[in-house]
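A.B. asks: Before I ask anything, let me first share the structure, which is written out below as structure tokens.
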Amino acid sequence: MSSVPSLSPAFDRLRAAATGRRFTAGRAAAVIALLSVVLIVAVLFSLTVGSTSAGILDLVLPSRASSESATILMRVRLPRILLALAVGASLSAAGVCFQALLRNPLADPYILGISGGAGLGAILSSALAAGAGMPLTLLRPAAAFAGSLGAVMLLLAMARRHGRLLPETMILLGVVMNATIMAAIMFIITMADFSRYAGTMYWLLGNLTSPTPAELAMVYGCLGPGVLVLALLGQGLNVMTGGEELAGQVGVDVPRLRILALLAASLITAAAVSMAGLVGFVGLMVPHLGRAWLGPDNRLLVPASALLGAIILVMADTAARSLFAPTQIPVGVITALFGGPCFLWLFARHRPGEGTAA
Amino acid sequence: MNGPPAAVAARNIGFSYRETPVFRGIDFTVAPGEMVALIGPNGSGKTTLLKLISGAVAPTGGGVTLSGKPIERLSSGRKARLVAVVPQETGMTFDFTVMETVLMGRTAYLGRFGVETHEDIAVAQEAMRRTGTLQFAGRLLSHLSGGERQLVVIARALAQKARLLLLDEPTAFLDIKHRMEIYDLLLGLNAEEGLTIVTTSHDINLAARYCRRIVLIKQGLIRADGPPDQVFQPELLSDVYDTPLHVMTDPATGIPYALPPIVPTAPAVSRGGFPHPKTIR
């Protein structure tokens, strides 16, 4: 009945020991504190790495504080790191939510086409707003939100139509949805003045740049409430993994939970996608990593996965901009290089026919 | 009305599944403290009736009250405190521990931040002790046997602290020892703690042994409702199950049981040349 892959009896015992501890406020606080410390270390490390020699010392030493290096750190690197942090956290928390809500261990905003929906909205708004000369800081995320919500609704409608949608079938739907969305995006790019969207190809692969303060405020404005809502819905999401009927019977207001969770998860996915494009597999890998360590309780898994995802994407983007400097690789290339095989591994361990959808 | 309201009162309920009527206006009432078995062939409507009285599906006609309260006006949280359900399918997508699973029964009692109190833990532990699953508390659900898992699911329902317990085929796929274990547990809960219990069962003889009231359903109609010796009429059972059944009485208890008649002896040599196993002496 379990869909979580098991490596070996030893690993199972380890996991049982880890999951044998149930959710308490103290345990949650300890895990979150530990991950926060690691995240701070990752951010500081990332600040020191880059194509110029600027480092932390440029901020700390008064003699260098006003130097060009300090400007690079504060105006270029830090915003980008903060964006990587938010994108990783958003996609991971959304992944946890979709996996629980759709009862599908293979769910991920990217694979299911939810990121694609957000991307289509973002591109469409960019193409239209460029013509009308409108500011994009809020319009683009709003259009991305509409797109991601549309994709989720379509998935749910398909699941309802078939009563029970197998995880594999849902992935197939995601593949078709992604292909259609890509075609639509390519159509829009071709019809619009392509030269204006030179960065679009990078964006489609998932790429981080240095955002403006307003853009950062937008992303964090979505991330904070979104993750908070999902964490507070944690026990409801736990019960939902046993099906909507069970959830209703133990006292969950299922329609309310579903709407709140889908709105929150779609919102943070959209905010991430509108800034960083289609970064794939983070929302798949990180929740499984978190579950292997902490167990499946979503009350802890949501915040822990957000922090884990933040750490992983900050590190992935550090690699993306420094490994082959001065050439920068889109961070989505790195996450896909790791995430693709990870998906295959999960898929191979997954026993077909298990788990059901809404 | 005298005395406490019925634990369950379904009046004139109709229900259709995809245009096909399952029930066309039936009445079904359970008094507090009763232990009732719903029996009948596959597709007779037993599970649907359970879903109607648990509020999982809404009737297309008539109404259901739980302890006198119309079920459609109860919030899911209040409903969960009145009625607990042990469903037929118990699959979880992810691997929770026994403790985590049983604590899910406390969902309706959790505060805004969704953290269990000491009382929730105590209730869950009591439910596990009652079902003999406390020893597994830290184990993963997937590492338990089918029988143990079913006891955990019952513990989760008990943790809801509802006075009405509905079970859908709680003994399906279990061997005779585990079936008895489940029924002994249900009888104990009914007799000692006064829980009202309604269970569906394909094991009609076990149901007759443990339940003082048997409700026989076929094609959405209640064909008989009463103590086992009243319901276990050979013609009635044979007709409802559409197969010949003999009814006998256990001389020790006076409780009836039904069995198919003796298999007619096959010809000594079948077409393949091998003797029928029943004819080997």
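A.B. asks: So the check is Cβ under 6 Å with 6+ separation or different chains; which pairs have a first residue in segment A:24-47 that's within 14 Å of another protein chain (Cβ to nearest Cβ) and a second one that's among the aliphatic types (A, V, I, L, M)?
C.D. replies: Listed by first residue and then by second, the contacts come to A:Ala25/B:Val115; A:Ala28/A:Leu300.
A.B. asks: Filter segment A:227-253 down to the residues that are more than 9 Å from chain B (Cβ to nearest Cβ) and in contact with a Cys (Cβ under 9 Å, 6 or more places away or on another chain), then identify the one that is farthest from A:Ala306 (Cα to Cα).
C.D. replies: A:Leu237
A.B. asks: Sticking with this one: For residues that are buried (at least 17 other Cβ atoms within 10 Å of the Cβ) and part of a helix (DSSP H, G or I), tally how many sit in segment A:316-332.
C.D. replies: Number satisfying all stated conditions: 7.
A.B. asks: Here is a follow-up. So, in segment B:22-60, exactly how many residues are in contact with a strand residue (DSSP E or B) (Cβ under 7 Å, 6 or more places away or on another chain) and not in a loop (DSSP other than H, G, I, E, B)?
C.D. replies: Summing the residues that are in contact with a strand residue (DSSP E or B) (Cβ under 7 Å, 6 or more places away or on another chain) and not in a loop (DSSP other than H, G, I, E, B) in segment B:22-60 gives 22.
A.B. asks: For segment B:80-95, enumerate the residues that are within 18 Å of B:Leu140 (Cα to Cα), out of contact with any Leu (no Cβ under 6 Å at 6 or more places or on another chain) and at the interface with chain A (Cβ under 7 Å from one of its Cβ atoms).
C.D. replies: Those that are within 18 Å of B:Leu140 (Cα to Cα), out of contact with any Leu (no Cβ under 6 Å at 6 or more places or on another chain) and at the interface with chain A (Cβ under 7 Å from one of its Cβ atoms): B:Gly91, B:Met92, B:Thr93, B:Phe94.
A.B. asks: So B:Thr101 clears everything in (1) more than 7 Å from chain A (Cβ to nearest Cβ); (2) within 30 Å of B:Pro4 (Cα to Cα) except one condition, right? Which one?
C.D. replies: The number of the failed condition is (2).
A.B. asks: Next up: Scan (1) away from every other protein chain (no Cβ under 13 Å); (2) part of a loop (DSSP other than H, G, I, E, B); (3) more than 15 Å from A:Ala93 (Cα to Cα); (4) not aromatic (Phe, Trp, Tyr) for the single condition A:Met275 breaks and write down its number.
C.D. replies: Going through (1) away from every other protein chain (no Cβ under 13 Å); (2) part of a loop (DSSP other than H, G, I, E, B); (3) more than 15 Å from A:Ala93 (Cα to Cα); (4) not aromatic (Phe, Trp, Tyr) one by one, A:Met275 breaks only (2).
A.B. asks: Kindly check whether there is at least one residue in segment B:56-66 that is over 28 Å from A:Pro296 (Cα atoms) and within 12 Å of chain A (Cβ to nearest Cβ).
C.D. replies: yes
A.B. asks: Just to check your reading of the model, which residue among A:Ala25, A:Ala10 is more than 21 Å from the chain's Cα centre (by Cα) and either modelled with pLDDT under 60 or hydroxyl-bearing (Ser, Thr, Tyr) (or both)?
C.D. replies: Being more than 21 Å from the chain's Cα centre (by Cα) and either modelled with pLDDT under 60 or hydroxyl-bearing (Ser, Thr, Tyr) (or both) holds for just one of A:Ala25, A:Ala10, which is A:Ala10.
A.B. asks: Can you name every residue in segment B:119-141 that is closer than 17 Å to A:Arg22 by Cβ and either within 11 Å of chain A (Cβ to nearest Cβ) or among the small types (Gly, Ala, Ser) (or both)?
C.D. replies: Within segment B:119-141, B:Asp120, B:Ile121, B:Ala122, B:Ala124, B:Ala127, B:Phe136, B:Ala137, B:Gly138, B:Arg139, B:Leu140, B:Leu141 meet the criteria.
The values are calculated or read from the model by the stated rules, or taken from the named source; none is laboratory data. From a predicted model like this one, the values you see are computed outputs, not experimental measurements. Positions of Cβ are generated from backbone atoms using ideal geometry, with glycine treated the same way; all protein chains shown enter the neighbour counts.
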